[in-house]
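The values are calculated or read from the model by the stated rules, or taken from the named source; none is laboratory data. Predicted model only: the values in this text are computed from it and were never measured. When we count neighbours, we look across all protein chains shown, and the Cβ atoms used for this are built from the backbone with ideal geometry, even at glycine. To get the accessible areas, we keep the full protein, side chains included, count just its heavy atoms, and leave off ligands, DNA and RNA. Shrake-Rupley method; radii C 1.70, N 1.55, O 1.52, S 1.80 Å.
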Amino acid sequence: MSSKVLVINSGSSSIKYQLLDVETGEALATGLLERIGQPVGAIKHQGPAGTTTLEQPIPDHEAGIATILALFAAHGPQFEAADLAAVGHRVVQGGDRFPGPVLVDDAVETAIDELSTLAPLHNPPNLDGIRAARHAFPTVPHVAVFDTSFHTTLPPAAYTYAIDRTIAKTYAIRRYGAHGTSHRYVARRTAELLGKDPADVNVIVLHLGNGASATAVRGGRSVETSMGLTPLEGLVMGTRSGDIDPAVVFHLQRVAGMTTDELDDLLNRRSGMLGLSGSSDMRDVHDAVAAGDEVARTALEVYFHRIKSYVGSYYAHLGRVDAITFTAGIGENDDIVRINSLAGLERLGIRVDAERNAGRKKSECVISPDGAEVTVFVIPTNEELEIAREALDVVAASGV
Ligand code: AMP
């Protein structure tokens, strides 16, 4: 069987793709289509012949997938459907129905559609990508890999909200988590770098990107995670508030007359670092702090404070922590965030070496001092490789 997998991450106005060889872990081509549905779309394809950029209309996802095929044909690498072991699709919300990746058939498509009530911004465009790709590659197995699957191991005490049981059951209200593909990949790499069996390792993974989440992983299984019913809960993010007293919502409805949509917009798109400092990008926040902006300094302190609260809480739940691993845009690049979020935790065995921590990290490294009780890592995430691996495993197990 070939070990090549095409990974598709289909959003509302964009499609990201990678052709990977799972055996070597190598990306043979990567690309991004943006502004789907707008008058002019933007296309970037990186393959053996270098980088190609194009501007042309991409009316919908069907046209997007056709464009990707045309890019492979024109700029390489050349491949036939027969060379592909699978197409792996990122799907954000699998609810409690999908504890692992599955081969896509019509029933799976319907289930993903039904789960859209829990992820109205994400599941519908994920499904658009799946449908278009199934038309384009009717003979290749398609596998849906869910962001929530890794967190289906959460114990009831961690996933249950303390609200009326009947309402929670009727409306499927519980914590589902997110970023699971990244947390799974990073937790496994952490164990490999420690030279241990994942079953023997307890790790706190801090996925700090524009969206951000923390997960406590015990023996390879997610046992606590900071995102909830939706990706709004938990850490402070680029534009999302993270944890907030839910009464803020009722209060703003009553005193400011805000509607549900306005509150959704406020908490999901105008809060977090953007709301606190005026920019959702951590680089701008640091520039503002360097220029003496006290508002930006407070924003950063809120950001560190929240991470520290989660690390302390997850330490308590895990009982023993072997490693803490930073990943994603901020986790990989921002030495100020890394060192300040873990400052003052020395009594827990958590220390960051200033010299090792300094600078952006393009590859996996340890930033704690030698002999530290808790090893602190930076591990660049690779969700595409994780999706490709899982897709290949599903196909191999199904014998298609
Ligand atoms: P992601 O969602 O993982 O792609 O992360 C995107 C975020 O990473 C951006 O919004 C920035 O806040 C952050 N980021 C990217 N590069 C840097 C950098 N060099 N220093 C600090 N933050 C960065």
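Can you name the residue in region 233-267 that is open to solvent by 40 Å² or more (accessible area, probe 1.4 Å), under 18 Å from residue 210 (Cβ atoms) and not in a helix (DSSP H, G or I) and, of all such residues, is nearest to the ligand (Cβ to nearest atom)?
Across region 233-267, the extreme among qualifying residues is 240.
Go through region 95-110 and count every residue that is outside any loop (DSSP other than H, G, I, E, B) and farther than 17 Å from residue 132 by Cα.
Residues in region 95-110 being outside any loop (DSSP other than H, G, I, E, B) and farther than 17 Å from residue 132 by Cα: 1 in total.
For residue 160, state whether it is among the hydroxyl-bearing types (Ser, Thr, Tyr) and within 16 Å of the chain's Cα centre (by Cα).
When the stated conditions are applied, residue 160 does not pass them.
Out of 320, 351, 270, I need the residue that is closer than 30 Å to residue 246 by Cβ and open to solvent by 30 Å² or more (accessible area, probe 1.4 Å). Which one?
One residue alone meets the criteria, 270.
Tell me the residue from 172, 212 that is of a type in the set (Gly, Ala, Ser), over 21 Å from the mean Cα position of the chain (by Cα) and open to solvent by less than 50 Å² (accessible area, probe 1.4 Å), please.
Just a single option satisfies the conditions, and that option is 172.
Would you point out the residue of region 73-101, among those that are in contact with a strand residue (DSSP E or B) (Cβ under 7 Å, 6 or more places away or on another chain) and within 13 Å of residue 31 (Cβ to Cβ), that is most open to solvent (accessible area, probe 1.4 Å)?
Only one residue tops the list, namely 75.
Tell me, which residue of region 197-232 that is assigned to a strand (DSSP E or B) and within 13 Å of the ligand (Cβ to nearest atom) is nearest to residue 282 (Cα to Cα)?
Once the filter is applied, the top-ranked residue is 208.
Going by what's in this entry, would residue 315 be described as within 13 Å of the ligand (Cβ to nearest atom), assigned to a helix (DSSP H, G or I) and buried (at least 19 other Cβ atoms within 10 Å of the Cβ)?
Against the criterion (within 13 Å of the ligand (Cβ to nearest atom), assigned to a helix (DSSP H, G or I) and buried (at least 19 other Cβ atoms within 10 Å of the Cβ)), residue 315 does not qualify.
Look at residue 338 and say whether it is open to solvent by 60 Å² or more (accessible area, probe 1.4 Å) and either away from the ligand (no atom under 16 Å from the Cβ) or modelled with pLDDT of 95 or more (or both).
Against the criterion (open to solvent by 60 Å² or more (accessible area, probe 1.4 Å) and either away from the ligand (no atom under 16 Å from the Cβ) or modelled with pLDDT of 95 or more (or both)), residue 338 does not qualify.
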